[in-house]
Amino acid sequence: MKKDFLSRPDAISEQRCINYGGFSWHEFMTAIPEPFFVVTGWKANGKQNACVQSWANFVSGGIDDFVCILGNVYKNGHMYRSLRKTGVCVLNFPSIDADVYARCIKTIGNNAYETDEITAAGLTAEKASKVNAPRIKECFLNIECEFLWKRALCAGSKTLTVALKALNICMDSDRYDQSKLGRYGKGGYLFHIHCPVNPETGEDAPYGIGTIALDHSIPWKTK
Ligand SMILES: Cc1cc2nc3c(=O)[nH]c(=O)nc-3n(C[C@H](O)[C@H](O)[C@H](O)COP(=O)(O)O)c2cc1C
């Protein structure tokens, strides 16, 4: 049975939202998966920065314009500061193969200003082709970007929405060949599933990372 939720259900307490990072109860209730990737750039001291992101999406602005919307960027994070200083960054997409995802997660625990975060996490930094930013060699897709604009979505928010324009795409040829590794399934794109909660009981469902598979059994019928 479908149910309406016009305001925060008691089962998702305000304290719970605060404890889980200050996210809106809507997020825990909907738990919509989002693509998982790592944003890399140079910190002002010349050290590599790496920032896991997953509140993001991608849109075409025209034949040659591809824009990434980072929905929720912390204003005080290294990534935002690096992006504003250099104007560029790279979006790096890991798979779970060869522990690449696990190593990307380790960038979070190696986040000191003085740390080269890519190498400290056991990954390899390589030079990007088009922008002055390091990119992660082990990631199967790297999107090199320039900063377009930023907006605050809500008054008093600690985060900003940032738009980036793609300048170069570097992709493993075995990934864009669906007959080889391909982009989907177990070893393909990763999606973050953020803390799903039952809004009636307050019960948490398992959260973490997931993959998607193309379902050929669902026909594409518009009429
Ligand atoms: C699955 C996952 C998704 C994340 N998504 C975001 C995000 O969308 N925006 C953000 O600012 N931080 C996000 N974070 C937190 C940052 O990755 C983390 O705080 C990072 O260490 C900050 O790095 P920085 O200080 O170099 O920017 C996420 C963390 C995880 C584990």
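Restricting attention to the stretch 88-145 and to residues that are among the acidic types (Asp, Glu) and part of a helix (DSSP H, G or I), the residue that is farthest from Glu34 (Cα to Cα) turns out to be Glu117.
Note on the stretch 90-142: among residues that are polar (S, T, N, Q) and under 20 Å from Val162 (Cβ atoms), the one that is farthest from the chain's Cα centre (by Cα) is Asn132.
For the stretch 87-120, a tally of residues being near the ligand (Cβ under 7 Å from one of its atoms) and hydroxyl-bearing (Ser, Thr, Tyr) returns 1.
A quick yes/no check of all residues on (1) aliphatic (A, V, I, L, M); (2) surrounded by 14 or more Cβ atoms within 10 Å (Cβ to Cβ); (3) within 27 Å of Met1 (Cβ to Cβ):
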| site | (1), (2), (3) |
| --- | --- |
| Tyr176 | no, yes, no |
| Gly182 | no, yes, no |
| His192 | no, yes, no |
| Glu200 | no, no, yes |
| Glu203 | no, no, yes |
| Gly208 | no, no, no |
| His216 | no, no, no |
| Pro219 | no, no, no |
| Thr222 | no, no, no |
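Going by the conditions given, is Gly188 part of a loop (DSSP other than H, G, I, E, B) and in contact (Cβ under 8 Å) with a residue 60 or more places away in the chain? Yes, satisfied.
Looking at this structure, is Ala56 within 9 Å of the ligand (Cβ to nearest atom) and crowded, with 16+ Cβ neighbours inside 10 Å? Step through it out loud before you land on a result.
Numbers: within 9 Å of the ligand (Cβ to nearest atom): yes; crowded, with 16+ Cβ neighbours inside 10 Å: yes.
Yes, satisfied.
The listed residues are Arg8, Arg16, and the only one of them that is in a helix (DSSP H, G or I) and over 18 Å from Ile108 (Cα atoms) turns out to be Arg16. Restricting the stretch 62-86 to residues that are free of Cβ contacts under 8 Å to residues at least 40 places away in the same chain and outside any loop (DSSP other than H, G, I, E, B), the residue that is farthest from the ligand (Cβ to nearest atom) is Gly62.
Of the numbered conditions (1) within 14 Å of the ligand (Cβ to nearest atom); (2) outside any loop (DSSP other than H, G, I, E, B), Phe28 fails exactly one; give the number of that condition. It fails just one condition, (1).
No lab work stands behind these numbers, since they all come straight from the coordinates. These numbers come from a predicted model, not from an experiment. Ideal geometry is used to build each Cβ from the backbone, glycine not excepted, and the neighbour counts take in all protein chains shown.
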